[in-house]
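> Below are the structure tokens for one structure; questions will follow.
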Amino acid sequence: MTAHVKLRLGTRNSPLAMAQAHEVRARLCAAHGWDESAIELIPVTASGDKVQDRALAEIGGKALWTKELDQWLGEGRTDISVHSLKDVETQRPDVFELGAILPRADKRDRLVGASSIALIPRGATVGTSAPRRAAQLLNLRPDCRVVLFRGNVATRLAKLAAGEADATFLAAAGLERLGQTGTGHPLDPADWLPAPSQGAIAVECRSNDAVTRALVAAIDHAPSRAEVMAERALLAELGGNCHSAVAVLCDHADGELAMRVLLFSPDGAERVAGEARFSASDSEGPARLARDLLARASEAITVHFGHHG
């Protein structure tokens, strides 16, 4: 390593991933008084970016976003990896740990192609690859038809422009980071819940690398960490996977977490809702809510969660 490079940062190569990597670099340099050249960005092409024509669940799930970055980090070719936390599997190898969660951006989804769910034209085709978005849409609008939409933000907007669908969903945070805040209409979390960890950027390090962990800890945002760790604990207890339609919103205020959750059958025909408030330090709070939801959910829902088959 050359004298001035203090950290090698592994990132996916997509425009959004690069924007997130630049944000992490800027925050680390500001925290430590470094010049930008102190952090070297190392772009890695992820499997998930190579295969665009099939749903993630069919080809290996969320690990497709992390596999290559994990390999480089594990081999010591990079010191940290930057992830969209919502793309990171709930169960991670013990050799890695989440060293920092950045201040969470807008958690909402934005709808592109109509100004609200109610105003999507009757019988419209809506493009998405997320089971949560598909099920939540079909629950509210069973007249709509869902088609598979994968790819980065630009790809999906191009598919929409080409008429492959009448509407689609994008994360507000991603659009914000790409400077496209005018795209689409934000969906009110009162009636449309986002994905677990949506809007959160995570910095991962090797668990045994105390020096890097200490450097990265300087940019950790405790309230955002409390929210996303609670959402990930909920997922872990639900046994959710790539096929599971789960939507959750967790808000931190005054050391307390307020969590709202919806579980759906994949076709959106059935749903179960739950909410709870608990102390940010109560590691069992999310698990209790998960168990309550599964106890009340129908088999059409529970069959898609890990503890039930």
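The values are calculated or read from the model by the stated rules, or taken from the named source; none is laboratory data. Every value quoted in this text rests on a predicted model; they were computed, and no experiment measured them. Reconstructed Cβ throughout: ideal geometry from the backbone, glycine too, with neighbour counts over all protein chains shown.
> Among (1) within 15 Å of LEU98 (Cβ to Cβ); (2) modelled with pLDDT of 95 or more; (3) among the hydroxyl-bearing types (Ser, Thr, Tyr); (4) assigned to a helix (DSSP H, G or I), where does SER81 come up short?
Against the list (1) within 15 Å of LEU98 (Cβ to Cβ); (2) modelled with pLDDT of 95 or more; (3) among the hydroxyl-bearing types (Ser, Thr, Tyr); (4) assigned to a helix (DSSP H, G or I), SER81 comes up short only on (4).
> Out of the residues in segment 13-32 that are over 18 Å from ASP220 (Cβ atoms) and at pLDDT 90 or above, which is farthest from the chain's Cα centre (by Cα)?
Top of the filtered list is HIS22.
> Among the candidates THR66, THR90, single out the residue that is closer than 23 Å to ARG260 by Cα and at pLDDT below 95.
So the residue among THR66, THR90 that is closer than 23 Å to ARG260 by Cα and at pLDDT below 95 is THR90.
> Here is a follow-up. Condition test on THR90, is it among the hydroxyl-bearing types (Ser, Thr, Tyr), under 21 Å from ALA217 (Cα atoms) and touching a Lys or Arg at 6+ places or on another chain (Cβ under 6 Å)?
Against the criterion (among the hydroxyl-bearing types (Ser, Thr, Tyr), under 21 Å from ALA217 (Cα atoms) and touching a Lys or Arg at 6+ places or on another chain (Cβ under 6 Å)), THR90 qualifies.
> Quick check, is ALA300 surrounded by fewer than 19 Cβ atoms within 10 Å (Cβ to Cβ), part of a strand (DSSP E or B) and over 20 Å from the mean Cα position of the chain (by Cα)?
No.
> Go over the candidates VAL211, VAL216 one by one and state the one that is modelled with pLDDT of 95 or more and out of contact with any Leu (no Cβ under 8 Å at 6 or more places or on another chain).
After ruling out the rest, the residue left standing is VAL211.
> Can you tell me which residues in segment 275-288 are closer than 14 Å to LEU235 by Cα and crowded, with 18+ Cβ neighbours inside 10 Å?
GLY285, PRO286
> Quick check on ARG213: is it in contact with a Gly (Cβ under 6 Å, 6 or more places away or on another chain), in contact (Cβ under 8 Å) with a residue 12 or more places away in the chain, in the same structural domain as GLN20 (by TED's automatic domain parsing) and not hydrophobic (A, V, I, L, M, F, W, C)?
yes
> Another one. What number of residues within segment 98-129 satisfy the criterion of being more than 24 Å from HIS252 (Cβ to Cβ) and among the aliphatic types (A, V, I, L, M)?
9
> Quick one: would you say LEU235 is assigned to a strand (DSSP E or B) and crowded, with 20+ Cβ neighbours inside 10 Å?
No, not satisfied.
So that you can scan it fast, the table gives a plain yes or no per residue for (1) within 25 Å of ASP106 (Cα to Cα); (2) of a type outside the set (S, T, N, Q); (3) touching a His at 6+ places or on another chain (Cβ under 7 Å):
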position	(1), (2), (3)
ASP209	no, yes, no
PRO223	yes, yes, yes
LEU234	yes, yes, no
GLU237	no, yes, no
HIS252	yes, yes, no
LEU257	yes, yes, no
LEU262	yes, yes, no
GLU275	yes, yes, no
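> So, in segment 167-189, exactly how many residues are farther than 12 Å from SER115 by Cα and not polar (S, T, N, Q)?
Summing the residues that are farther than 12 Å from SER115 by Cα and not polar (S, T, N, Q) in segment 167-189 gives 12.
> To continue, here is another question. If the Cβ limit is 9 Å and pairs must be 6+ apart or interchain, which residue in segment 172-196 that is assigned by TED's automatic domain parsing to the domain that holds ASN139 and free of Cβ contacts under 8 Å to residues at least 12 places away in the same chain pairs with which residue that is aliphatic (A, V, I, L, M) and in a helix (DSSP H, G or I)?
Here the result reads GLY179/ALA19; THR181/ALA172; THR181/LEU175; GLY182/LEU175, each pair linking segment 172-196 to a residue that is aliphatic (A, V, I, L, M) and in a helix (DSSP H, G or I).
> Being in contact with a strand residue (DSSP E or B) (Cβ under 6 Å, 6 or more places away or on another chain) and in a loop (DSSP other than H, G, I, E, B) is true for just one of GLY268, GLY240, GLY274. Which residue is that?
Step by step, each of GLY268, GLY240, GLY274 is checked, and only GLY240 is in contact with a strand residue (DSSP E or B) (Cβ under 6 Å, 6 or more places away or on another chain) and in a loop (DSSP other than H, G, I, E, B).
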